[in-house]
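Comments concern the structure below.
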Amino acid sequence: MKTVLVTVVLTVMLLAASPAAAGESYRCWTERRVDPDIGLHLQVVVCRIDGRALVVFDRPGDAPVVLHPAVGRAGGGECWYWRSVFTGWVLERLLGSSAVLRYEPPGGGALYDATFARCGSEPEDDAPPLAMVWSVISRLAVPRPEFVLDPPITSTGLDTYVATRLPEALTGSAVSPVTGSRVDVVVAVDEVDVAWGDGAMLSVGGSLLGALGGHPEGAIRHVYESRGVYTVRLTFVWGAQWRVDAGPWHSLRIDPTVASSNLRVDELTARRAG
């Protein structure tokens, strides 16, 4: 056993001291192994190079290539690991053994965050359900908001309303050509945010999403204290729900859509009659 460990350490040292061969492909995951000398479990990074050789490192930064987060499957579930090819996933933050990853596809489009456990063994594939979810979301036409200011020109001290109409929920699906699994996706507005241009903000969600009709009972209203021209920004905060083969639903956060309009606010003054 000691001879094997010495061989592994020497291999790591040689790789770290010399640049990786051009075009080498690394797939790295995290394992817990027992050090026979001290009898403790240690967390190591195991990398498969070009689909053949296995090399062990103390940490991802010890590999002689730049490693990027990726999503695969191991132990029967989705998990994250490292690889030398950028797959669209960006590490936002670590949460113990899990991580929050953000998907940034080439060419832009809808983005989302998701939390994954760390892969504890070699990932089985590079086409997890979330890749299919993204393919569905990228085909959905997520609209920008449309809204009306009521009144179109207002005065200080008076209620100013915003009227908007929520779009219908967007749905889509995809079937894996490999496994035959079906992914269903539903995208809908979870919240409406308004920035009034004078520093005030308003967020409307839940049951109040049904009260966006403007004057006189609309939930989005504001009173300006000073005259001027203000830029009103309205944001649709989108949420996505997805499931595999009619299983439990999972949530994703998708980039919001935004619209803006300028509003003139006059000063309301009182005059004595007579």
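Each residue in the range 168-194 was checked for being touching a strand residue (DSSP E or B) at 6+ places or on another chain (Cβ under 7 Å) and not hydrophobic (A, V, I, L, M, F, W, C), and 9 of them qualify.
Residue by residue, here is whether (1) at pLDDT below 90; (2) exposed (fewer than 14 other Cβ atoms within 10 Å of the Cβ); (3) closer than 30 Å to residue 213 by Cβ holds:
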site	(1), (2), (3)
107	yes, yes, no
112	yes, no, no
136	yes, no, no
142	no, no, yes
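Please determine, by comparing only the residues of the range 50-72 that are hydrophobic (A, V, I, L, M, F, W, C) and part of a strand (DSSP E or B), which one is farthest from the chain's Cα centre (by Cα). Within the range 50-72, the match that is farthest from the chain's Cα centre (by Cα) is 53.
Okay, residues lined up against (1) crowded, with 19+ Cβ neighbours inside 10 Å; (2) touching a residue at least 24 places away in the same chain (Cβ under 8 Å); (3) not assigned by TED's automatic domain parsing to the domain that holds residue 117:
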residue	(1), (2), (3)
42	no, no, no
48	no, yes, no
59	no, no, no
68	no, no, no
75	no, yes, no
79	yes, yes, no
84	yes, yes, no
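Of all residues in the range 167-178, those satisfying the criterion of being exposed (fewer than 14 other Cβ atoms within 10 Å of the Cβ) and either in contact with a Leu (Cβ under 9 Å, 6 or more places away or on another chain) or in a loop (DSSP other than H, G, I, E, B) (or both) are 168, 169, 171, 177, 178. Here is a check on your reading of the model: is residue 120 assigned to a loop (DSSP other than H, G, I, E, B) and at pLDDT 85 or above? In short, yes. Got at least one residue in the range 134-155 being among the polar types (S, T, N, Q), out of contact with any Gly (no Cβ under 8 Å at 6 or more places or on another chain), closer than 30 Å to residue 72 by Cβ and assigned by TED's automatic domain parsing to the domain that holds residue 250? No, the range 134-155 contains no residue that is among the polar types (S, T, N, Q), out of contact with any Gly (no Cβ under 8 Å at 6 or more places or on another chain), closer than 30 Å to residue 72 by Cβ and assigned by TED's automatic domain parsing to the domain that holds residue 250. Of the strands (runs of 3 or more DSSP E) lying entirely inside the range 179-274, not one is found with 2 or more residues being loosely packed, with under 12 Cβ neighbours inside 10 Å.
The values are calculated or read from the model by the stated rules, or taken from the named source; none is laboratory data. Since the structure is predicted, the reported quantities are computational estimates derived from the model, not experimental observations. Ideal geometry is used to build each Cβ from the backbone, glycine not excepted, and the neighbour counts take in all protein chains shown.
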